[in-house]
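Encoded as structure tokens, the structure appears first; notes follow it.
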Amino acid sequence: MKNSFGNNITITLYGESHGSSVGCVIDGLASGIPVDENNINQFLALRRPNGTISTSRCEADEFSIKSGVFNGYTTGTPICIDIPNEDKRSADYEKTANLARPSHADYTANCKYNGYQDYRGGGHFSGRITAAIVAAGGIIIPALKRKGISIGTHIKSCGGVEDRGFSDYKADIELLSNLNFAVLDNSAGSAMQEKIIEAKNNLDSIGGVLETAVIGIDAGMGEPWFDSVESLISHAMFSVPGIKGIEFGAGFEIANMTGSTANDEFSVNNGSIVTNTNNSGGINGGITNGMPIVFRCAVRPTPTIGKEQKTINFKTNENTILAAKGRHDPCIAHRARIVVDSLTAIVIADLLTTKYGTDWLAK
């Protein structure tokens, strides 16, 4: 039963979708890091439902920091952030408690926890838990930015609509930081939202692809094997409910290239060593090469839909039909992007403190 992640900087998650609260404990952050609750509020707002393209469940996310912060700075002791669950309709799940929602964790949770799991809203498997990850990001992302490291994610594709890729990384990341629907091309964003509403009207859902860039990382971070930069980021990303794939740089398309086109040739530009292309996504041999880290995550269509689906009752071991009730997102990609940013920040901060020491973020 493990709900913690990280080496020097760790995050532990707790809570259930319809429990009294969700939250996290962050351990390993140095003392003296500024904490601005406005940043946490801003990030939680980016994760919050966004009109007709999202669920109607809208939590206020009025978090409280229980420990580890005093007079606006980290104290060096564990930070506990608690976020109450207030907009709950647990009765929506009573009639389907023993039904396995297709592609949800209901059946596997029942197998693992022997029937003692909290089934309401997915319990501990719910995307609601990601609010705690985002709250942690509200502390760690600004700390990295003060060290010159920026992270940004946009919706690369959704419903067959493509956004443009990153061009000017610094300007694009700054643009994305304040957008509720994170796209680099407004017309693509409008078309994506139309596709989401269309799926909702059809009692269905759609997925998307998120593309993330990290800039300001020096060469030499990471390890060559099991703690490679790709390994750690992938580990973190697959912890986000709904993410089913990840690729770095050119990704799977690199398999269709020749070595001469896939290789990133080196050159010296104004005294700095750079690569002329970035098909490797800023990573060679599991270690950063100084170029932007670029990766993409595949976000599945939300599994809870209003259409009738075949399933089973795992108590009676009988076949049945399920048409899900309750409040659910027709697409989660636009809400997941700040979760991806926050988890990426946790991984990067952990990598940097491994190399430079735990006090590095506060210096």
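The values are calculated or read from the model by the stated rules, or taken from the named source; none is laboratory data. Just so it is clear, the structure is predicted and the values come from calculations on it, not from any experiment. Cβ coordinates were reconstructed from backbone atoms using ideal geometry, including for glycine residues, and neighbour counts include every protein chain displayed.
Results, tabulated for the structure shown:
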item	result
Residue within the stretch 296-315 that is modelled with pLDDT under 95, of a type in the set (Asp, Glu) and under 20 Å from Ile155 (Cα atoms) present	no
Selection count, the stretch 47-66, where residues are exposed (fewer than 14 other Cβ atoms within 10 Å of the Cβ) and either among the charged types (D, E, K, R) or at pLDDT 90 or above (or both)	3
Search result, residues across the stretch 95-132 that are among the aromatic types (Phe, Trp, Tyr) and in contact with an Asp or Glu (Cβ under 7 Å, 6 or more places away or on another chain)	Tyr119
Test result for Ala100, without any contact (Cβ under 8 Å) to a residue 60 or more places away in the chain, within 26 Å of Val299 (Cα to Cα), crowded, with 18+ Cβ neighbours inside 10 Å and small (Gly, Ala, Ser)	no
Count of the stretch 190-216 residues which are under 30 Å from Arg146 (Cα atoms) and either of a type outside the set (A, V, I, L, M, F, W, C) or surrounded by 21 or more Cβ atoms within 10 Å (Cβ to Cβ) (or both)	6
Candidates Gly165, Gly121, filtered to the one that is surrounded by 16 or more Cβ atoms within 10 Å (Cβ to Cβ) and either touching a His at 6+ places or on another chain (Cβ under 7 Å) or modelled with pLDDT of 90 or more (or both)	Gly121
Evaluation of Gly51 against (1) over 30 Å from Glu223 (Cβ atoms); (2) in contact (Cβ under 8 Å) with a residue 60 or more places away in the chain; (3) not hydroxyl-bearing (Ser, Thr, Tyr) (one fails), failing number	(2)
Flag if Ile312 is closer than 24 Å to Ser205 by Cα, over 21 Å from the mean Cα position of the chain (by Cα) and in contact (Cβ under 8 Å) with a residue 60 or more places away in the chain	yes
Test result for Ile173, over 23 Å from Pro292 (Cβ atoms), in contact (Cβ under 8 Å) with a residue 24 or more places away in the chain, within 20 Å of the chain's Cα centre (by Cα) and buried (at least 21 other Cβ atoms within 10 Å of the Cβ)	no
Residues being closer than 25 Å to Tyr169 by Cα and part of a loop (DSSP other than H, G, I, E, B) - total across the stretch 239-254	3
Those strands (runs of 3 or more DSSP E) lying entirely in the stretch 272-363 with at least 2 residues among the aliphatic types (A, V, I, L, M) and buried (at least 24 other Cβ atoms within 10 Å of the Cβ)	293-299
Residues located in the stretch 132-163, provided they are touching a Phe, Trp or Tyr at 6+ places or on another chain (Cβ under 8 Å) and aliphatic (A, V, I, L, M)	Ala132, Val134, Ala135, Ile141, Ile155
Single residue of Ala109, Ala131, Ala143, Ala45 found to be part of a helix (DSSP H, G or I) and in contact with a strand residue (DSSP E or B) (Cβ under 7 Å, 6 or more places away or on another chain)	Ala131
Conditions (1) more than 19 Å from Val339 (Cβ to Cβ); (2) surrounded by fewer than 18 Cβ atoms within 10 Å (Cβ to Cβ): number failed by Lys244	(1)
Total residues in the stretch 48-78, condition part of a loop (DSSP other than H, G, I, E, B) and under 23 Å from Tyr14 (Cα atoms)	15
